[in-house]
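First up is the structure itself, then whatever we jot down about it.
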Amino acid sequence: MTFIHRVRRAVVVMVTGAVVVFGALSTPIVVGALTPAAAQISEDAQIALEQYGSWRPHPRFGNVWVPHRVPPDWRPYENGQWVYTDEWGWYWVSDDVEANWGWVVYHYGRWAFEPGIGWFWVPGDEWAPAWVNWRYGDEYVGWAPLPPDELVESYQVQPAFWMFVPGRYMAAPRVRTYIVPVYRRTVLLRGTRVVNRTVFVHGARLAVNPGISPAYIARVSGAPVATYSVRPRVFAATQGVTGAVQVRRDELRAPGGRRGPAGPGALPGAGPPRLGAISVQRTNTVIQPSAAATAPQPLGKNEPGQLGTHPPRAAQGPAPSTSTPPASPQQSGAPSQPSALQRQTPSGQQTPPKRPPPPGQVPSAGLPSTTPPGPAPLRQEHRERPPPGGPPSQPNIVRPIPPQVPSGTPPPQLRQVQPPPQPAPPQRQVLPSPQVAPPPQRQVQPPQPSQPRQVQAPPVAHAPPPAAARAPAPPPRKPPPKPGEKPEEKK
């Protein structure tokens, strides 16, 4: 028997030593798991709350905070107002009596209750507009502080942890006025179901609070629900809260280094630190009552909160930037229209014409032309004065104008002028004129000042035969018949 007792004692000692060693090794691992941001928020929370309550060690949750001088029946999320925001959903606004510390304990961490301590706050580094569970049924809305995760299932069936109001008064100022008495909470707890809770935002250390749809609250109350724009107060290490007022550590201490609880029963001479003001402003947007809004559905066991049909903006991800320039036509695939700069032609370059000039016309002299010089230049009719003493009825001579030959360029070949079908003088080759004529690419416009007039050629049947550059002199006219002679008959 003595041997057996010795063995038992040895086993107990070994087990006790193993437990002590395991506890000693696990403690630094837990502390080391905290991120720098979480550690900074935890330290900032201790400084911010030490003058409004006391920090106590807890065997399960570490250091916890207990508020000073609160009534025996006091509960979190009781002295304040619910306002709806498009950014985070339902946001809890603390009354003035709790505003100095409510911006910490109602938006960070969790709440728990024990008979010997009462309600105490467990620190946390995630920010939310409110950490609560929601119930609904029989036209009553209820909410309760969200405890640490391991206590959620047991807390949601405790009537003393819940506050209920008729649905039409949920968004009323000073909602505490409409909270039902304690003796009715057991009955309301049986007639209601958990319908939602605070929802974590994926990829961020913050959460949103969809709660009960504001459209349904508007339907139950028969009045529109106003929306608000809120600039909350957060610790300097908190990121991702749009429009928040960040508080640095040196701003958390009371003026002059004084200590003492604030609020009811505050010590003389103690005052709260001067922090950035929390802004809660009503917007012009209201949510109208709608018959299409349905009652919230109960959550299943261990089911997370629901974002609803209209999730808060913070849960939808970053909005698209409005400063991004529109895509160019080349990027979007749309045909690009030429701009004013694209339509301009630099000097020294030629602009191709849209269509060739009609027959019998040449481009304007003031514009360059891309038409290559052909073997046959265009003709331009030119009127010459009759020689002195000549008959006034002498027909005009149509003389082709040779093309302008640039210096250093051999003259182009000239085409042969085909005679008309009627008898005509023999065809002669047109030689270039020694005079410098206007360029062949000059368009003959209608008669205008300082511009040649374009003359349409007469019909072929009545037009005189085309002449060469130097036409022969007209044949001499026969003298009139002498008296007594008969005129020569025409053949």
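What the table shows:
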| item | result |
| --- | --- |
| Matching residues in segment 53-107 - criterion: being part of a loop (DSSP other than H, G, I, E, B) and either closer than 22 Å to Ile217 by Cα or β-branched (Val, Ile, Thr) (or both) | Val70, Tyr77, Glu78, Asn79, Asp86, Glu87, Trp88 |
| Hits in segment 93-116 - residues which are free of Cβ contacts under 8 Å to residues at least 40 places away in the same chain and touching a helix residue (DSSP H, G or I) at 6+ places or on another chain (Cβ under 6 Å) | Ser94 |
| Any pair with Cβ under 8 angstrom, 6 or more apart, that starts in segment 67-92 at a residue that is over 18 Å from Pro311 (Cβ atoms) and ends at one that is among the acidic types (Asp, Glu) | Asn79/Asp95; Asn79/Glu98; Gly80/Asp95; Gly80/Glu98; Gln81/Asp95 |
| Residue count, segment 131-167 (criterion: of a type in the set (Val, Ile, Thr) and within 27 Å of Val225 (Cα to Cα)) | 3 |
| Criterion violated by Pro123 - all others in (1) of a type outside the set (Val, Ile, Thr); (2) touching a residue at least 60 places away in the same chain (Cβ under 8 Å); (3) out of contact with any strand residue (DSSP E or B) (no Cβ under 8 Å at 6 or more places or on another chain) satisfied | (3) |
| Every residue from segment 40-69 that is in contact with a helix residue (DSSP H, G or I) (Cβ under 9 Å, 6 or more places away or on another chain), among the hydrophobic types (A, V, I, L, M, F, W, C) and surrounded by fewer than 19 Cβ atoms within 10 Å (Cβ to Cβ) | Ile47, Trp55 |
| Residue in segment 200-231 that is surrounded by the most Cβ atoms within 10 Å (Cβ to Cβ), counting only those that are over 24 Å from the mean Cα position of the chain (by Cα) and of a type in the set (Lys, Arg) | Arg219 |
| Candidate set: segment 156-165, residues that are in contact (Cβ under 8 Å) with a residue 24 or more places away in the chain and either outside the structural domain of Thr192 (by TED's automatic domain parsing) or of a type outside the set (A, V, I, L, M) (or both); chosen: the one surrounded by the fewest Cβ atoms within 10 Å (Cβ to Cβ) | Pro159 |
| Hey, Thr294 outside any loop (DSSP other than H, G, I, E, B), surrounded by 11 or more Cβ atoms within 10 Å (Cβ to Cβ) and modelled with pLDDT of 85 or more or not | no |
| Scan of segment 152-182 for residues that are basic (Lys, Arg) and part of a loop (DSSP other than H, G, I, E, B), ordered by number | Arg174 |
| Residue in segment 187-199 that is surrounded by the fewest Cβ atoms within 10 Å (Cβ to Cβ), counting only those that are in a helix (DSSP H, G or I) and touching a Phe, Trp or Tyr at 6+ places or on another chain (Cβ under 9 Å) | Gly191 |
| Complete set of residues in segment 183-218 that are within 21 Å of Ala128 (Cα to Cα) and among the aromatic types (Phe, Trp, Tyr) | Phe200 |
| Meets criteria (on the phi > 0 side of the Ramachandran plot and modelled with pLDDT of 95 or more) for Gly109 | yes |
| Count - residues of segment 108-151 that are surrounded by fewer than 17 Cβ atoms within 10 Å (Cβ to Cβ) and in a loop (DSSP other than H, G, I, E, B) | 6 |
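The values are calculated or read from the model by the stated rules, or taken from the named source; none is laboratory data. These numbers were taken from a predicted model, which means no experiment stands behind them. Note that we place each Cβ from the backbone using ideal geometry, even for glycine, and neighbour counts take in every protein chain shown.
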